[in-house]
Amino acid sequence: MKDFVEELKWRGMVHDIMPGTQEELNKGMTVAYIGFDPTADSLHIGNMVQIMTLVHFQKCGHKPMALVGGATGMVGDPSGKSSERNLLDEEILNHNLECVQKQLERFLSFEGENSAEVVNNYDWFKEFGFLEFIRDVGKHITVNYMMSKDSVKSRLETGLSFTEFSYQLVQGYDFYYLWKHKKAKLQLGGSDQWGNIVTGTELIRRKEQGEAYAMTTPLITKADGSKFGKSEGGNIWLDPEKTSPYKFYQYWINSSDEDVEKYIKIFSLNGRQEIESLITEHQEAPHQRLLQRTLAEELTERVHSKKDLDIAIKASSILFGKSTTADLESLDENTLLQVFEGVPQTEVNKNELGNDVTTFLSETTKNIIFKSKGEARKMIQGGGVSINKTKVEVPDQQVDYKLLQDKYLLAQKGKKNYYLIKVN
């Protein structure tokens, strides 16, 4: 068995660790869990640190558990929040849980001696009455103890409901239940969860004189101060319907050199030696973006598929590299529109396609591409104009190109100026 704590240390993934944790793990196969919040029907790359923590845990020979919080999703967690969050009903939560579980199955192995397991805390809370809870759980943890937690203290001035105040007891009981019934000895999570996690170890100690352990990972920050996992359009989701594989791929490709050295240690499955040699090679020629490409390719294939990765690479090459008409035609409409998001767009009627290309690229397209027929003619004669990645050879030829997705033409002026024409 590999030493899990040492593995996470060189990857920069240890923030807090309870004394004795490393020694306990080195005794043999251990069960550990991380809680995932089911407030959406998809995980996003902000959750990837915790997913990778479980992946590395399993690769070190231990048994990982993912707890999806069907019960805690109905309550709300004050950690890292500045205000009360909306509570979800049972139907939405069950849909979200199902989606989240399918995504976790892409990363963890559910076979073998240390097979992963997904559990839902609603299963043990649904029959747990309030009076029973405050008698069997609440009496073991003092209010003073609960008030000392940063997640509580930071919210006292702005207001904290009893619902969210009691969250740490609910999460603490999760740990107790999994310790007692599933032999979970360790809870893992982000550094903002430390207070909630140690409430669980305290409950296990006070209620049954048992031993349990805690370990957290640092919250990722970006070098420029912006939030990791966010783009202009919001979260980068693992669900292709919410964030296309192309946009997912682009997020990692556009990582800064400073950030990507941190990311590759956390998110890549490659070992230490391979990652360190990649970092050295990247530092010798950063303009080639070796780390960004390596990480973007590995994660896009793992989160989506090899086919989605190939499409993302093709889509990127259309804007930034050499590509063909066939590459362009292979894109679905959603990816095509995302690739050319932000380029000038115009609309024409289908009956206007019979015009010669010079007129079409000037007057027909409202002079957005060329201000005059003379300017269009001159650039076509100089070999600087393409439609659908095919060079326009003659200024008088007819516009007779196969429409992309039966409704678009892509005009290119020079190397970098694109125009998307929608044909009605």
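Tabulated values for the structure
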item: Protection proxy ranking of 384-393, 154-163 - average other beta-carbon atoms within 10 Å, highest first; result: 384-393, 154-163
item: Cα-based helix-to-principal-axis angle, 194-208 vs the chain, degrees rounded to 10; result: 30
item: Length-normalised contact order for the range 172-316 - Cα pairs under 8 Å, 6+ apart - percent; result: 19
item: Share of carbon and sulfur in the accessible heavy-atom surface of the range 1-57 [1.4 Å probe, %]; result: 49
item: Percent RCO, i.e. relative contact order, over the range 201-278, from Cα pairs under 8 Å lying at least 6 residues apart; result: 16
item: Accessible area of the range 90-148 belonging to carbon and sulfur atoms, whole % at 1.4 Å probe; result: 49
item: Segments 307-316, 5-14 sorted - mean Cβ within 10 Å per residue, highest first; result: 307-316, 5-14
item: Solvent-accessible area per residue for the chain (1.4 angstrom probe, square angstrom); result: 48
item: Rounded D (µm²/s) - the range 247-335, Kirkwood Rh over Cα pairs, Stokes-Einstein at 10 °C, 1.306 mPa s; result: 115
item: Given charges at Cβ of Lys, Arg, Asp, Glu: the range 138-218 dipole, positive-most of Phe165, Ile197, Ala184; result: Ala184
item: Cross-link pairs Lys9/Lys247; Lys59/Lys230; Lys59/Lys183 - those with Cα-Cα distance over 22 Å; result: Lys9/Lys247; Lys59/Lys230
item: Label corresponding to P(r) over Cα pairs in 20 Å bins from 0, in percent when calculated from the structure given, among (i) 23, 44, 23, 10, 0; (ii) 26, 57, 15, 2, 0; (iii) 21, 38, 26, 12, 3, 0; result: (i)
item: For Tyr213, distant residues with modelled amide H under 5 Å away; result: Leu186, Gln187
item: Cβ-placed point charges (K, R +1; D, E -1), dipole of the range 160-291 about Cα centre in debye, nearest 20; result: 680
item: For the chain, with +1 on Lys and Arg beta carbons and -1 on Asp and Glu, the positive-most of Gln250, Ser151, Ile387 along the dipole; result: Ile387
item: For the range 127-137, 3J(HN,Hα) per residue [Karplus equation, 6.51 cos²θ - 1.76 cosθ + 1.60, θ = phi - 60°, Hz, x = Gly/Pro]; result: 9, 8, x, 4, 5, 4, 5, 5, 7, 8, 10
item: The range 277-366: relative contact order as a whole-number percent, Cα under 8 Å and 6+ apart; result: 14
item: In Hz, Karplus ³J(HN,Hα) per residue of the range 4-12 (6.51, -1.76, 1.60; θ = phi - 60°; x = Gly, Pro); result: 4, 5, 5, 4, 6, 4, 5, 7, x
item: Pairwise centroid distance, computed over Cα atoms, of the range 357-410 with the range 218-274, Å; result: 38
item: Cα-centre dipole for the chain with unit charges at Cβ (Lys and Arg positive, Asp and Glu negative), debye to 20; result: 720
item: Protection proxy ranking, peptides 212-218, 297-303, average beta carbon neighbours within 10 Å, highest first; result: 212-218, 297-303
item: The range 380-397 - phi-based ³J(HN,Hα) in whole Hz, Karplus 6.51/-1.76/1.60, Gly and Pro as x; result: 5, 5, x, x, x, 10, 10, 10, 6, 6, 10, 5, 7, 8, 10, x, 9, 5
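The values are calculated or read from the model by the stated rules, or taken from the named source; none is laboratory data. Computed from a predicted structure; not experimentally measured. Here Cβ is always computed from backbone atoms with ideal geometry, including for glycine, and neighbour counts include all displayed protein chains. Heads up: the accessible areas ignore ligands, DNA and RNA and are worked out on the full protein's heavy atoms, side chains in. Shrake-Rupley method; radii C 1.70, N 1.55, O 1.52, S 1.80 Å.
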